[in-house]
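Down below is the structure, laid out as C-alpha cells.
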Amino acid sequence: MEILNIFSNMNWLLALCFIAGFALVVFEMFHPGIGAPGVIGGILLLTGVIITAKTVLQAVIMLAVILAVLGIALTAVLNSATKGHLSRTLILNETLKKEYGYVGTEDLEFFLGKEGSTTTVLRPSGTAVFEGVKLDVVSEGEFIPENKKVRIVKVEGRRIVVKELKEQENI
C-alpha cells in the first residue's frame, strides 16, 4: 500500500518540477543538439524523484514510470521523424550541385581515354601512371601485370577503370 502513496506528499512545486522536466527532455528530443534543455530536464526529474520518494522502492518505481513516459515520447519523436515532421532545422534542404560550382571530389573525367602504364599488378586494383600522374585504378576484372599499357575506359567519381591495350591497339 505504501507504493500507492508515492505521490501523496507532492505539492505544486514538485509537480512543476516534474512537468518542466518532462517538457524540457521532450523538447530536447524534438530539437537535438542543444543539450542544455535535456540536461536541465533530467536534473529536474531526478530532483523531483529524490524529494518525493521516501524509500528506495518508491524511487525505483518513479524512475521506471519516468523512463516509460520518456520511452513513449521517444517513440512519438521517431515516428514523427520517419514521416518528415521533425524539426526543419535538422534537415538540409539545399543541395550542392555541380552547376553551382560545387565539386565533391576531384573531377577526373579529363583522364578518360588517356593511355598509360601500370606500376603495380592490377588484381583487379592497383596503380598506373598517366602523363606523369600516378592514379589508383581498377581493371575490368582481369589480371593485368606490371608495366603493361592500359587505357582509361570509365571514370566514376574517384573510381578509374582501365583496360589493357593489346599490341595491335598500340599502333
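With a simple spin-label model that places each label point 7 Å from the Cα along the Cα-to-Cβ direction, the separation between R151 and K163 comes to 0.7 nm.
May I ask you to work out the translational diffusion coefficient for region 109-165 at 4 °C, viscosity 1.567 mPa s, via Stokes-Einstein with Rh from the Kirkwood sum over Cα pairs, reported in whole µm²/s? Please list the in-between numbers first.
Details: Rh = 10.6 Å.
Translational D for this selection: 123 µm²/s.
Partners of K163 within straight-line reach, counting lysines whose Cα lies under 23 Å from its Cα and excluding those fewer than 8 residues away in the same chain: K114, K134, K148, K149, K154.
Any read-out appearing in this document is the output of simple, stated calculations on the displayed coordinates, not a laboratory observation. This structure is a prediction, so every number in the text was calculated from the model and none was measured. Positions of Cβ are generated from backbone atoms using ideal geometry, with glycine treated the same way; all protein chains shown enter the neighbour counts.
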